[in-house]
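*Asks:* Dropping the structure in here first, questions after.
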Amino acid sequence: MAKQTIKQGLKQTQKQRLTPLQLLIGQMIEKPVDQLQEYVSHQLIDNPALEATPGEEPAWEAPAVSDDLPTSPPDDYDALPSIPVQTQGPRQDPSDSLSFYDQLKEQMRQTELDDHQRYIMEYLIGSLDTDGLLRKSCETICDEMDIYHNFASTPEEVEEVLALLQEFDPPGIGAQSLQQCLMLQVKRRKDGWMKDMLTSIIGSHFDDLLKNHWDKLQRSLRLTDEEKEEVRAEVRKLNPKPGSSLGEVIGGSKQQVTPDFIVENNEEGDITFTLNRGRLPQLEVSETYMDIINSMKNLSRKDKEALPLLKKDMEGAKMLIEALQQRQVTLAKTMSAIIKRQKKFFLDGDEADLMPMTLKDVASDTGLDISTISRVTNEKYAETPWGIFRLRFFFNDRYDNDGDEVSTRKIKSLLKEIIDKEDKRHPLTDMQLEEEIKKKGYNTKRRTIVKYREQMNIPKSSLRKQ
């Protein structure tokens, strides 16, 4: 019989600990301009050592993007004024309208959450696709928050917060699959025969529903012709893309967001960008506060008891100002790298021209950590001559086309174009789509076609038939 032994020993490991300044810089980098304004406003109220400089300041515009990425801000880096932004149509007051993500965050503020849960909720909302679905597992969300944001959580905690998000409006938001999305909508219906029938179809006969096999469903559920058509009509009322119902703003006919970058180009092909400062004031440490601290050095020991608190306020003010400086540098570096890699898109606005680009690529170009790039590109927007886009829009996975790298976005764009032009009476099967893609010069396998088609929420040929 083999002997079992237990060995005890010491193992020395190194674990990086972030300084308070590094943590604050990370928080400032992650905040989009509208959240940053709110945060600074509260700091000006809470910290008497922090002061806003009065008067309007000129805007800073980045130089034309070249091979040299900016490594430091201009002298007047704090001088970015409020830039009114709109998407289309007449200018509106942004306070009168809410974007898709703003509406969800408004509901979040009305939900009782502790700080830990609130952070998870914000991350989940930022991780939603534009159709309102969450195509990541709770384990993946945990890993991302841990690796990129130094935030520890468990899958169980994420599941708990996700369940709360799935109670938000519109019904189906935050679902992790189409089946769950439809089921969440049905659960909110009044109890009765129709709710039971829809629950049965989506829960136990979902494959037949996707294949549009209503005759089979009628036999399985023993429905009359009239009942079948009634149920079918109710199924059509369900929304497979709940995010689309939040696509338009409240109080306006067009979607409005607050972009963090304003990108422009000219006829010579030069591209420049401006960092949107919004209503963020220029900050400085109060001279009056520093005079008070200096005068207290000559007081008695008893009177000096308040000195540590005053110094803490002053250090906090200095740290915030430095963090905002680093935010400016980091955002400028990141946007320069994005524009450099996606220059063709910024010049012509053709989505098919987006090149393969990952967070790792931009991190390599800028010399910044990949977690920093993730923070910069999370929940931020850029206004371009072709519209307003989330920064994550410019990122694409690579697809190896017989040794040549192309972006998956290009393949998806081509696939959509082919499907849009197909004969709707005889839609193309996935095998036929594969053949059509190959005719265009891309050696894409059928399983890849299926994967991309599903990612774009394009149904099978049998469901596209008209």
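The values are calculated or read from the model by the stated rules, or taken from the named source; none is laboratory data. Only a predicted model underlies this, so the values are computations on that prediction, with no experimental measurement involved. Here Cβ is always computed from backbone atoms with ideal geometry, including for glycine, and neighbour counts include all displayed protein chains. Heads up: the accessible areas ignore ligands, DNA and RNA and are worked out on the full protein's heavy atoms, side chains in. Shrake-Rupley method; radii C 1.70, N 1.55, O 1.52, S 1.80 Å.
*Asks:* Suppose we keep only residues that are open to solvent by 20 Å² or more (accessible area, probe 1.4 Å) and part of a helix (DSSP H, G or I) within the range 330-351. Which one would you say is farthest from residue 53 (Cα to Cα)?
*Replies:* 351
*Asks:* Considering only residues of the range 177-198 that are farther than 20 Å from residue 220 by Cβ, under 27 Å from the mean Cα position of the chain (by Cα) and not aliphatic (A, V, I, L, M), which is surrounded by the most Cβ atoms within 10 Å (Cβ to Cβ)?
*Replies:* By that ranking, first place goes to 181.
*Asks:* Separate question: Residue 365 - would you say it is of a type outside the set (A, V, I, L, M, F, W, C) and crowded, with 17+ Cβ neighbours inside 10 Å?
*Replies:* In short, yes.
Conditions (1) surrounded by fewer than 19 Cβ atoms within 10 Å (Cβ to Cβ); (2) at pLDDT 80 or above; (3) within 30 Å of the chain's Cα centre (by Cα); (4) not aliphatic (A, V, I, L, M), marked per residue:
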residue: 392; (1), (2), (3), (4): yes, yes, yes, yes
residue: 402; (1), (2), (3), (4): yes, no, no, yes
residue: 405; (1), (2), (3), (4): yes, no, yes, yes
residue: 408; (1), (2), (3), (4): yes, no, yes, yes
residue: 418; (1), (2), (3), (4): yes, yes, yes, no
residue: 429; (1), (2), (3), (4): yes, yes, no, yes
residue: 450; (1), (2), (3), (4): yes, yes, yes, no
